[in-house]
Structures are given as structure tokens and as C-alpha cells.
Amino acid sequence: MYPLRKTNPLLVITSLLFIASILPSCNPSPRPTSPADPTTPSDSIASSQTQNETRTTSPAGPIECPEQPAEFVTDLNIRQTPSLAEPDPRVPFHDPQFGTCLVRVTDRHQDISPDDASLGLKNEYSRVQSFNADSSKFIIRGTDATWYLYDALSLRPLAELFLDVDPRWDSSDPDLLYFSEETRLMAYDLQTNQTSTIHEFAADFPGQTLSYVWSRYEGSPSFDGRYWGFMAQDDDWQTIAFLIYDMVEDKVIAARDIPGNPDIDSVTISPFGVYFLAYFDFCEQGQMGSDLHPCGLMVYDRRTGLGQLENGRGLLRIVGHSDTALDAQGREVLVYQDIDTDHISLLDLESGSVTPLLPIDFSHAPIGVHFSGRARNVPGWALISTYSGGHPTDQTWMDDSIFALQLEAGGVIMRLAHTHSLVDEDQEHDYWAEPQASVSADFRRVLFTSNWGRSGTGAVDTYMIQLPQNWLALTPEIP
């Protein structure tokens, strides 16, 4: 998505062009350039089953934090990032400023396969659920587009997984993963170590030559796993159609042709599968997208009688990083960086109304912000992570930190940790060091990425924040 520094519109456009010139996408997965791209092999799982088996290790005992804070920090005082040596892998420690329990999950020196050129290991992205259905396992991404399975209790690597792009967990089966492979939605069963085709989308577009059908890195299915929002691209990687796939019915239930080769960053579907979201290039100042002239954030309804995604509404002129979520009333919302107002804001996907939640202070640094609304079992909360602010001295409470945010005006801010990740926009490798924190479905575990101050190296690891089961009760401001 768009860079999150606040400037005048001309500088925003310049920043977008610069970022696009050096980065594969705002999601760390490199975009495949052809079906033969070696980072996205079409038959890699089936041909690598033995490798999966030999990489599997027996998990050690669970790693648990001996102590948890009596209550969480909710004030907005500036608390300086402490100087700490890089933690040892899989050894819990406490954040000196916030008292929360952290652990370095990955060991970039030991966990990466010998034939993997990755420099580090990271959680995939803030908008992607890393944990499986029962939170017993999670997946981690190598910086060279590789995938690893971890045990969520011992935090030990279990296997290298030979997947293509956009791996997503099944909503109820803890041993089932889906991923996109060219024009197919695939499934991989951890128990049988077998892959299978769920749906071949080329058959839904007769007479057209497709290269890929996917969400383009940042999309996720509905919370129940039934509805999937995809974009279909041709051999020139131009988007020719949007579609909604119903996994229960095993068919495309809505589709829309997209003429004119527009620039579309990614697509996704809302938590209940009611709305299809498409992130177009931004609209000009003072304009909003429409059904005939889409730009900015476009939202399409998936409702009876609108089978062709006809009701396109431009709800935001320009949108920075964001994620869908549920508010406390169960409404489908988008929590996002409002570039026009310098706020973290909340968008109601049904009404289009916007609620400013928090101001972002850009007066000292181009702070970047990521959002995770993946806590499907805890509506009304989102996870926020920031980067590029404060080094070497924090100037605002928000600099280089991770916090939980209650999704209402004046909502509680629960501060969780400093990231210790040094992100320099002039260093290409520092893209991997963006924390891009994501939260588990029960909001008890947070994964984020850090280079622990090693700017420009790509030597990143994944860290976990572990929260107690009663964490809501430890925030006294919540009524």
C-alpha cells in the first residue's frame, strides 16, 4: 500500500513512485513475473514432500512467560526505547517500559534451510492471520519467498513448507492451508502432506488467457473462510476482472470486468463476506471514485440481486495501510491511516461514515503505520504497529511501537512494546524490518518483525508478544 509519511500531494506522489521502484510490493512477497518464476513453482509441494518430512522436528516443551503485568500502560507519555542487546531465541523477556512478555520466536542462524537464500524470517503481513484455527501452529516467511511452519507452544520450527503465494489458514481445520497458484486455489493438508486443487478459475473465464487469480498478497477470506475476494490478471499482469468465490458452493458467485488496465494494489473481502474491497490508485484531490470511474478505495456489495459486483462505491479518495475488522457492535469496518487528515480513522463499510480515532504526529519523522484486524474473536479492537519514527530519540508516544486500540472515538490505547526495528527509507533491505505486526484470533499473541537496530542488512527475526487470558480486565479504563 501507499507510504505513510504525511506531505503535500506532490511529495506523496513522488514517494509512491520511489517506493514502487525499489520494492516488490507493500507486502513482502515478491510479485511473480511469469508462471515459470522460480519463487512460485507450480508443482513444488508435490515434488517436495520428502523435504517437508525430513525438516520436521519434535517440539520441545511450551514456552511460557513467568510473569505478566498487573495492568497495562494506557497513558500517552513518551517512553524512550531502551537499549537492549538482541534477545536469545525462544527465551522470554519483559519489555522494560511496558512490562509485557516478549520472546524472539525465530533464529535466523539456525531455522533457515541450508538451500534457502533468505537473510531473515518474518511474519507475513499485518493483514494476514499467521495462526491456524486452534492457534497451535503458525507460519513464518523467509525473506526469499520461503515458508516455515512453527509450533505455537514451543516456538520451534516444524517444517519448511513448499507453497506458492498468499497462504491462508482454514477457519476451522487446524491442519489445512490454502494458497494461490497461478489460476488455481490450492489446499495443503499438514497431516497427509498432500496438495490438491480446490478450484480452477481459468474455466470461469472462457476465451481469456489468465496468468494469476489471487488477492495480490494482502487479501484474506471472510472470517468463516467461505467467501474469497480475488483479482484475475492476464499474461501482462493487468487486472481484467474482480470475482468472489464461494467455497461452500465451489463456484464464482459474482464477477466484474475491469477495463482500462487500472493500477490496483490488492483486493480483499470483508469479515462477513458482505463487501468486496479494491485498492485502486488514489483519486485526485477533491474527487471520489464511482462505479464508472473507480479510484481510491472502492467497495462493492455482495448481496442477492447484485451478482456482478455492480454497486461500486468510492469510500476513500486515498488510503494508506489498513485492515478490515469488526467493531464492538459487530459492524464491518476498515481501520486505516487517513492521509488527508493525519489520523488513524475508522470507516463503516455499510454507511461510508468515517470516525477519527487518533491523530498521527508527522512533525518530526515520516512515521509508518500498519493495522491488524485479525482478532475475529475480540470485536472492537485492532492492533497498530509503527516504524520510522524517533531514532535515536522517541519524539512521540507512538514512535516505533505496538499498541492495541479500541475501535471507537476516545477508545482505550493499550501500549504493548517497542519494536527495536530501525527502518531507513534509503535502505532497500529495511523494508523487511517494518514490524507489520499481526494479532491472533483471540488477541492473546502478537507477531512482529524486527532487525533489532541492524539497518540495511535484511537480518530480521520474528518476535511474539504474549498477553494473559484476562488482558481486558487488566486495562482499568474499559467499562
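The values are calculated or read from the model by the stated rules, or taken from the named source; none is laboratory data. Note that this is a predicted model, so its numbers are computed, not measured. Quick reminder, even Gly has a Cβ in these numbers, built from the backbone with ideal geometry, and neighbours come from all protein chains shown. All accessible areas refer to the heavy atoms of the entire protein, side chains included, with ligands and DNA or RNA removed. Shrake-Rupley method; radii C 1.70, N 1.55, O 1.52, S 1.80 Å.
Side notes on the structure shown:
- Condition check for E218: assigned to a loop (DSSP other than H, G, I, E, B), of a type in the set (D, E), without any contact (Cβ under 8 Å) to a residue 24 or more places away in the chain and closer than 26 Å to G312 by Cα: no
- Here W147 meets the list (1) free of Cβ contacts under 8 Å to residues at least 24 places away in the same chain; (2) assigned to a loop (DSSP other than H, G, I, E, B); (3) under 21 Å from Y217 (Cα atoms) almost entirely, failing just condition (2).
- Sole exception among (1) open to solvent by 10 Å² or more (accessible area, probe 1.4 Å); (2) under 27 Å from E67 (Cα atoms); (3) among the hydroxyl-bearing types (S, T, Y) for S172, by number: (2)
- Of the candidates G389, G368, the single residue that is more than 19 Å from D323 (Cα to Cα) and open to solvent by less than 10 Å² (accessible area, probe 1.4 Å) is G389.
- Test: residue in the range 287-307 that is in a loop (DSSP other than H, G, I, E, B), of a type in the set (D, E), within 19 Å of Y245 (Cβ to Cβ) and open to solvent by 40 Å² or more (accessible area, probe 1.4 Å): no
- Count - residues of the range 202-245 that are among the charged types (D, E, K, R) and under 26 Å from S438 (Cβ atoms): 4
- Applying a threshold of 6 Å to beta carbon distances and a minimum spacing of six or more residues, or different chains, the list of pairs starting in the range 80-91 at a residue that is surrounded by 14 or more Cβ atoms within 10 Å (Cβ to Cβ) and ending at one that is not in a loop (DSSP other than H, G, I, E, B) reads T81/H418; P87/F93; P87/R104; P89/R104.
- Against the numbered list (1) assigned to a loop (DSSP other than H, G, I, E, B); (2) surrounded by fewer than 23 Cβ atoms within 10 Å (Cβ to Cβ); (3) touching a residue at least 60 places away in the same chain (Cβ under 8 Å), V103 comes up short only at (1).
- In the range 376-386, of all residues being open to solvent by less than 10 Å² (accessible area, probe 1.4 Å) and more than 12 Å from the chain's Cα centre (by Cα), the one that is nearest to A328 (Cα to Cα) corresponds to G380.
- Residues of the range 313-365 satisfying the condition of being open to solvent by 20 Å² or more (accessible area, probe 1.4 Å), β-branched (V, I, T) and either at positive phi or assigned to a loop (DSSP other than H, G, I, E, B) (or both): T341
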